[in-house]
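The values are calculated or read from the model by the stated rules, or taken from the named source; none is laboratory data. What you see is a predicted model, and the numbers here were worked out from it, not measured in a lab. Here the Cβ positions follow ideal geometry from the backbone for every residue, glycine too, while neighbour counts run over all protein chains shown.
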Amino acid sequence: MAVIPVGSGELDLLARLMRAEALNEGDEGMLMVGNVGVNRVLVECMDFEDIRTITDMVYQDPGGFAGTGTPLFNEHPREHDLNLAQRAIDGERLDPATYALWFQNPPEGPYTCPPTWYDQYNSGAYKNHCFYIPSEYSCPDVY
């Protein structure tokens with residue numbers, strides 16, 4: 001059962017985003033990117049107060065995703081990508097992205113995540129991505 005509303009074409013859109021951002025990080029890395037996206041739709045705080053759909057989240061400006069500017073994002077998703085996106089939409093969560101609203105690929109390389117990023121707390125790393133969570137005070141909706 002979906003934890004966020006999914007409009008026409010939005011499963012495809014999330015699958016393309018997950019693939020573009022984390023294809024080289026396997027299924028788990030792609031699911032974690034999906035977790036961040038779903039979390040942004042779920043919450044009503046900070047930079048995400050007006051984000052109510054997957055489309056809003058993917059194309060948020062400023063604050064969107066670098067992957068949307070890549071050729072990989074424009075390719076049709078595979079059935080496997082769509083299945084991963086559906087798992088994220090259905091609420092499957094993986095640490096360290098369980099409560100994350102942001103991720104980055106640090107310039108220093110994998111596992112060199114700063115303890116904070118734009119005043120948000122590091123919740124851990126997976127391969128080349130560092131994940132960041134808000135404080136419970138600034139965004140209780142995500143918890």
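Brief remarks follow.
- Helices (runs of 4 or more DSSP H) lying entirely in the stretch 1-103 (those with 3 or more residues that are under 27 Å from ASP119 (Cβ atoms) and either in contact (Cβ under 8 Å) with a residue 60 or more places away in the chain or acidic (Asp, Glu) (or both)): 10-22, 26-42
- Residue in the stretch 71-81 that is loosely packed, with under 15 Cβ neighbours inside 10 Å, at pLDDT 95 or above, under 17 Å from LEU17 (Cα atoms) and among the polar types (S, T, N, Q) present: yes
- Only one of the numbered conditions (1) surrounded by fewer than 18 Cβ atoms within 10 Å (Cβ to Cβ); (2) part of a loop (DSSP other than H, G, I, E, B) is violated by TYR121, and that is (2).
- Residues satisfying the stated conditions in the stretch 1-22, i.e. farther than 16 Å from VAL142 by Cβ, at pLDDT 95 or above, surrounded by fewer than 22 Cβ atoms within 10 Å (Cβ to Cβ) and not small (Gly, Ala, Ser): VAL6, GLU10, LEU11, ASP12
- Residues in the stretch 86-118 that are on the phi < 0 side of the Ramachandran plot and either aromatic (Phe, Trp, Tyr) or touching a Gly at 6+ places or on another chain (Cβ under 7 Å) (or both) were compared, and the one that is surrounded by the most Cβ atoms within 10 Å (Cβ to Cβ) is ALA88.
- Number of the condition not met by GLY63 [criteria: (1) under 11 Å from the mean Cα position of the chain (by Cα); (2) modelled with pLDDT under 95]: (1)
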